[in-house]
Amino acid sequence: MKKGYKKDFQSWKGIVTLKLLCCNIAAGRFDWKKYCTPQPYCGQEICVIPLHCSYGQIGYTVYFPYSDMPEVEYDWEMNKLTIDKEIWENYLQN
């Protein structure tokens, strides 16, 4: 990991929230429709924006409206889960 790459949000609480969110998305346990309006998730407010292209929805973006935490994007068409455009496992490595 590059030094200074991660922002100050990444206290242990932010890391735990991101890991839990990503693990639940990867396992198919995240009910994204529930979060189309801001809702609490592990003590953080999150909100989901569906991702669309010309032929329909292809995934969604999870963002944290009241913090500087990075966006989590899941593209179910490509089966790709990213945090700030980086593969989520790589982003969360120590």
- Between the helical axis of 12-26 and the dominant principal axis of the chain, each derived from Cα atoms, what acute angle in degrees is found, rounded to the nearest 10? 30 degrees
- Choose one answer from LYS19, LYS80, LYS34: the residue with the largest mean-square fluctuation in a GNM of the chain with alpha-carbon springs under 10 Å. LYS34
- Note to self, the chain gives a 222 nm [θ] from helices alone (DSSP H runs n ≥ 4, -39500 (n - 2.57) apiece, / all residues, nearest 500) of -6000 deg cm²/dmol
- Restrict the search to region 35-94; then list the GluC sites (Glu not before Pro) that DSSP places in a loop and that have at most 13 other Cβ atoms within 10 Å of their Cβ. GLU71, GLU77
- With each label point set 7 Å from Cα along the Cα-Cβ vector, what nm distance links ASP84 and LYS13? 2.0 nm
- Query: Of all the accessible heavy-atom surface of region 25-94, with the other protein chains kept in place and a 1.4 Å probe, what percent is carbon and sulfur?
  - Reply: 49 percent
- Task: Just need the relative contact order of the chain here, percent rounded to a whole number, with Cα pairs under 8 Å and 6+ apart.
- Result: 20 percent
- Query: Reachable aspartates and glutamates from LYS85, Cα under 20 Å, same-chain residues fewer than 8 places away excluded?
  - Reply: ASP8, ASP68, GLU71, GLU73, ASP75, GLU77
- For all pairs of alpha-carbon atoms in the chain, what percent lies in each bin of width 5 Å, listed from the first bin to the last filled one? 3, 13, 25, 27, 18, 10, 4, 1, 0
- At 1.4 Å probe size, with every protein chain present, just tell me what the per residue accessible area of region 30-90 comes to in Å². 59 Å²
- Taking 0.36 nm per residue of separation between CYS36 and ASN24 and subtracting their Cα-Cα distance, the length gained on full extension comes to 2.6 nm
- Task: With only Lys, Arg, Asp and Glu charged, each at its Cβ (+1 for the first two, -1 for the last two), find how big the charge dipole of region 30-90 is about the Cα centre; round to the nearest 20 debye.
- Result: 240 debye
- For labels at SER54 and ASP75 in the simple 7 Å Cα→Cβ model, what's the distance in nm? 1.6 nm
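The values are calculated or read from the model by the stated rules, or taken from the named source; none is laboratory data. For clarity, every value in this text was computed on a predicted model and none was experimentally measured. Reconstructed Cβ throughout: ideal geometry from the backbone, glycine too, with neighbour counts over all protein chains shown. Surface areas here come from the heavy atoms of the whole protein model, side chains and all, with no ligands, DNA or RNA. Shrake-Rupley method; radii C 1.70, N 1.55, O 1.52, S 1.80 Å.
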